[in-house]
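**Student:** Here you go, one structure.
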């Protein structure tokens with residue numbers, strides 16, 4: 001299918017409640033989806049998210065909650081759905097790994113790879129991290145601690161099934177070299193290339209014995225084993241949008257994914273395991289881009305339940321408003337880098353970018369239309385008349401703003417918003433330079449009319465451009481500026497008094 005856009009978030013693991021890290025990826029995906037629907041039309045964009053519900057951590061969390069794993073997964077998955085509703089996330093599909101459509105596809109994939117000899121039985125002896133559900137080599141470990149979560153490792157010896165990764169290593173290395181846009185940003189691409197050049201890929205254990213873990217998808221060729229949660233979860237990207245025919249050919253109108261959005265901590269699973277699985281399945285086309293963004297840190301520490309520094313997105317939305325929250329997390333840090341999250345930083349963006357810049361421009365413009373034109377928008381084709389030098393520059397900026405598509409900016413939401421704010425700031429500066437109150441005093445009617453009309457065009461352009469980022473704010477601006485008659489409301493972003501606590 002041409003002219004389509006298929007975007008995914010990772011499947012979020014339901015062992016704990018969602019935090020701002022989950023919302024970051026999902027809001028970014030939502031923003032891109034809204035943007036691409038404007039470009040391609042609603043029917044040509046598919047936005048997938050969902051929940052990852054199998055594995056040892058879920059089983060243990062369910063036991064602690066005195067629930068069955070399925071009941072626990074149902075309860076936790078609903079938390080994510082409810083949060084996405086509160087955050088106005090416009091996903092097309094929410095897939096759960098406990099759904100029949102997913103289970104059938106996972107078992108089909110396992111069956112194909114097993115028959116091809118890419119999955120084989122073997123013995124594993126070594127170190128295992130239960131919280132991360134990951135096997136580690138002795139060479140990767142120090143002090144018997146998991147390299148990722150720093151918890152103690154268990155020593156395990158058992159039969160399991162393995163995916164032969166080394167067989168496809170040379171292909172993957174060459175594929176990444178030949179396709180510069182496959183992994184972004186560049187730092188993450190270099191990270192994967194370095195890993196593949198310096199390490200021989202070990203077989204990936206893709207099963208767990210049922211006697212140790214019963215909560216998972218049974219292997220179709222060996223029912224005493226269930227599927228490793230990471231192998232299971234990755235398949236969602238194809239199980240949600242297609243199926244295999246009788247000749248084991250994958251059929252989908254949406255695949256390949258145009259963009260997998262992920263956090264940098266799951267880069268290897270997506271940029272090594274997933275491409276190899278697709279390639280081993282008979283050369284299913286690869287996703288066009290895997291983008292691994294950074295983390296939101298709290299006082300320079302990674303946010304995690306174990307550290308007790310998790311921030312709830314709903315708390316921030318209730319305190320500052322949804323669009324303010326969306327704006328902050330997309331604007332404050334270039335997408336791909338880590339950022340430090342704090343309420344002080346949100347307030348700074350609120351009082352600066354939103355209150356002083358955007359809110360002030362709209363309110364002062366509407367006030368002038370109210371004062372000088374009794375609320376009627378002046379009729380004038382501003383683009384066909386000559387303005388002063390500053391006015392001409394603003395007209396050019398209005399025309400140029402649409403040529404900065406998000407996809408061409410390497411998904412840099414911060415840079416895209418910066419370009420929108422350049423126009424806002426030009427308009428505010430133009431007000432100070434032109435001093436429209438003097439134009440009115442001196443009865444320079446035509447100059448005042450063209451000045452006001454230019455500000456109206458700026459506001460309309462800005463309202464359209466910020467829609468993917470701040471949908472409700474965009475709608476409110478459009479409603480207030482009207483077609484012929486304004487409907488002035490209260491200031492969109494009244495300044496926060498920093499001397500008082502925000503409630």
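**Student:** I want to check the label-to-label distance for residue 495 and residue 171. Put each point 7 Å from Cα in the C-beta direction and report it in nm to one decimal.
**Tutor:** Between residue 495 and residue 171, the simple spin-label model gives 6.2 nm.
**Student:** Then there is this: Measuring from label point to label point, each 7 Å out along Cα→Cβ, what is the residue 143 to residue 159 span in nm?
**Tutor:** Computed distance between label sites residue 143 and residue 159 equals 3.8 nm.
**Student:** In nanometres, what is the gap between the two model label sites at residue 198 and residue 374, each 7 Å from Cα along Cα-to-Cβ?
**Tutor:** Output for this residue pair reads 7.5 nm.
**Student:** Now, a different point. If the chain between residue 179 and residue 426 were fully stretched, how many nm would it gain, using 0.36 nm times the residue separation less the Cα-Cα distance?
**Tutor:** On the way: separation 247, 0.36 × 247 = 88.92 nm, distance 3.92 nm.
Gain in length upon complete extension: 85.0 nm.
**Student:** While we're here: Between residue 42 and residue 397, 0.36 nm times their residue separation minus their Cα-Cα distance comes to what?
**Tutor:** 125.0 nm is the gain from fully extending residue 42 to residue 397.
**Student:** Which distance in Å, rounded to a whole number, links the C-alpha centroids of segment 259-273 and segment 301-367?
**Tutor:** Centre-to-centre distance over Cα atoms comes out at 26 Å.
**Student:** Taking R0 as 51 Å, what FRET efficiency do you get between residue 385 and residue 245 from their Cβ-Cβ distance, rounded to the nearest 0.05?
**Tutor:** The value I calculate is 0.25.
**Student:** Still on this structure: Add -39500 (n - 2.57) for each DSSP H run of 4 or more in the chain, then divide by its residues: what number comes out at 222 nm, to the nearest 500 deg cm²/dmol?
**Tutor:** Taking each H run of at least 4 residues, the total per residue is -13500 deg cm²/dmol.
**Student:** Here's a follow-up. For 460, 326, what's the fewest-to-most ordering of other Cβ within 10 Å of each Cβ?
**Tutor:** Ordered from fewest to most neighbouring Cβ atoms within 10 Å, 460, 326 come out as 460, 326.
**Student:** In which sequence would 368, 470, 426 go, from the one with the fewest C-beta neighbours within 10 Å to the one with the most?
**Tutor:** Arranged by neighbour count, lowest to highest, 368, 470, 426 become 426, 368, 470.
**Student:** Work out, step by step, the length gained on full extension between residue 60 and residue 475: first 0.36 nm times the residue separation, then minus their alpha carbon distance; give nm to one decimal.
**Tutor:** 144.9 nm
**Student:** Let me ask you something else. Can you give me the relative contact order of segment 200-282 as a percent, contacts being Cα pairs under 8 Å and 6 or more apart? Let's see the in-between values first.
**Tutor:** Details: 60 pairs, mean separation 14.9, N = 83.
Once normalised by length, the contact order is 18 percent.
**Student:** How much of the pair distance distribution for segment 118-202 lies past 19 Å, counting alpha-carbon pairs only, in percent?
**Tutor:** The calculated P(r) of segment 118-202 puts 54 percent of pairs beyond 19 Å.
**Student:** Among DSSP beta bridges lying fully in the chain, give the percent that are antiparallel, nearest 5. Could the numbers behind the result be given before it?
**Tutor:** Values: 27 of 48 bridges.
Bridges in the chain are about 55 percent antiparallel.
**Student:** I need to check one value: relative contact order of the chain, counting alpha carbon pairs closer than 8 Å and at least 6 residues apart, in percent. Show your work: numbers first, answer last.
**Tutor:** On the way: 734 pairs, mean separation 73.7, N = 503.
Relative contact order here is 15 percent.
A short reminder: the numbers here are calculations on the coordinates, not readings from a lab. None of these values were measured; they are calculated from a predicted model. All Cβ positions, glycine included, derive from the backbone under ideal geometry; neighbour counts span all protein chains shown.
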